[in-house]
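Have a look at the structure below, then the notes.
The values are calculated or read from the model by the stated rules, or taken from the named source; none is laboratory data. The model shown is predicted, which means the values in this text are computed figures rather than measured ones. A quick note on method: Cβ atoms are made from the backbone with ideal geometry, for glycine too, and the neighbour counts reach across all protein chains shown. The accessibility values were calculated without ligands, DNA or RNA, using every heavy atom of the protein model including side chains. Shrake-Rupley method; radii C 1.70, N 1.55, O 1.52, S 1.80 Å.
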Amino acid sequence: MTRALLLASLLAFAPLVTQAADITARFYGHAYDLKTNRYLYTEVHEQKLSGDKWLGGSIKYFGPDGVLLGEKKLDFSVSPFVPTYDYKLPALQYEEAIVSVGADEIAMSKSNHGKQKTATVPNKEPIAADSGFHTFLRTHFKELLDGKTVPFTFVAAGNLDSYKFRAKRIEDTTFEGKKAVRFLVEANSLLRIVAPNLEVTYDPEQERLLEYRGPSNVIDPVTDKVYEARIIYPAQPPADAPKNLPPLG
């Protein structure tokens, strides 16, 4: 579960669309089991944006029956790449957080069934954490499109540690009938021997996230492991999504 949570934390980024004014954007993500294609849960995103800057917001996770599974609250006021955040799965008595982002170190906490632990890691660029990983990719989008490999350190509060990763472009694809680009994210060390890879698909023009494939950051209560998921961000909810989706606002 530890290795899966490490990469699952990367999942929390969400599709940003460039805006010209201060707005609150709301949209869905739809998660499926990567192997069976079973509908797992719905993400409800709320992003506070100022132009192209992501200020903060929340992500709520709902089961197919509409029951709230968990929620993440985010704040990018200190760093665009390393947010402070708090993520809770109440039914599983699980919580993780980046408590503070200082000039020299990043403080984290994790609580599992009432047992809390804390840790700090160095704050040394290039670095990203949680949803800030998405902003980091967009910042280096042209490099990735040009075929360059982009290394970075990823802070995983779920592991109370940081790790070396790298992102690179792989074979293009299509999404909803339009051209899309794919990036592979993998460990930039011997960790990649045991850690699963993940793939993200983007709109090459708007730099908007369209699809994610890899470990989820939602834990399966049956196995106590994170789901291996495919999560899509389409223009309209897919036909097999729950009929009564949770409200966006």
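Every residue, every condition in (1) surrounded by fewer than 18 Cβ atoms within 10 Å (Cβ to Cβ); (2) free of Cβ contacts under 8 Å to residues at least 60 places away in the same chain; (3) in a strand (DSSP E or B), yes or no:
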{"site": "Ile170", "(1), (2), (3)": "yes, yes, yes"}
{"site": "Ala229", "(1), (2), (3)": "no, no, yes"}
{"site": "Gln236", "(1), (2), (3)": "yes, yes, no"}
{"site": "Asn244", "(1), (2), (3)": "yes, no, no"}
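Those strands (runs of 3 or more DSSP E) of region 66-134 in which at least 2 residues are buried (at least 18 other Cβ atoms within 10 Å of the Cβ), considering only elements entirely within it, cover 68-75, 84-89, 94-101, 105-112, 127-129.
Scanning region 172-184 for residues that are outside any loop (DSSP other than H, G, I, E, B), open to solvent by 60 Å² or more (accessible area, probe 1.4 Å) and farther than 19 Å from Lys142 by Cβ gives Thr174, Lys178. Going by the conditions given, is Leu160 closer than 30 Å to Glu71 by Cβ and surrounded by fewer than 20 Cβ atoms within 10 Å (Cβ to Cβ)? Judged against the criteria, Leu160 is a match.
For region 194-227, give me each residue that is closer than 18 Å to Lys168 by Cβ and either outside any strand (DSSP E or B) or β-branched (Val, Ile, Thr) (or both). Selection gives Ala195, Pro196, Asn197, Val200, Thr201, Pro204, Glu207.
Scan region 33-65 for residues that are under 24 Å from Tyr85 (Cα atoms) and open to solvent by 60 Å² or more (accessible area, probe 1.4 Å) and the total you get is 5. For region 211-227, residues that are open to solvent by less than 20 Å² (accessible area, probe 1.4 Å) and either among the acidic types (Asp, Glu) or within 15 Å of Leu184 (Cβ to Cβ) (or both) total 3. Among the residues here, Asn197 qualifies as open to solvent by 40 Å² or more (accessible area, probe 1.4 Å) and of a type in the set (S, T, N, Q).
Being closer than 25 Å to Asp224 by Cα and polar (S, T, N, Q) is the filter here; which residues of region 53-90 pass it?
The initial filter retains those residues of region 53-90 that are closer than 25 Å to Asp224 by Cα, namely 58-74, 85-90.
Across region 53-90, the qualifying residue is only Ser58.
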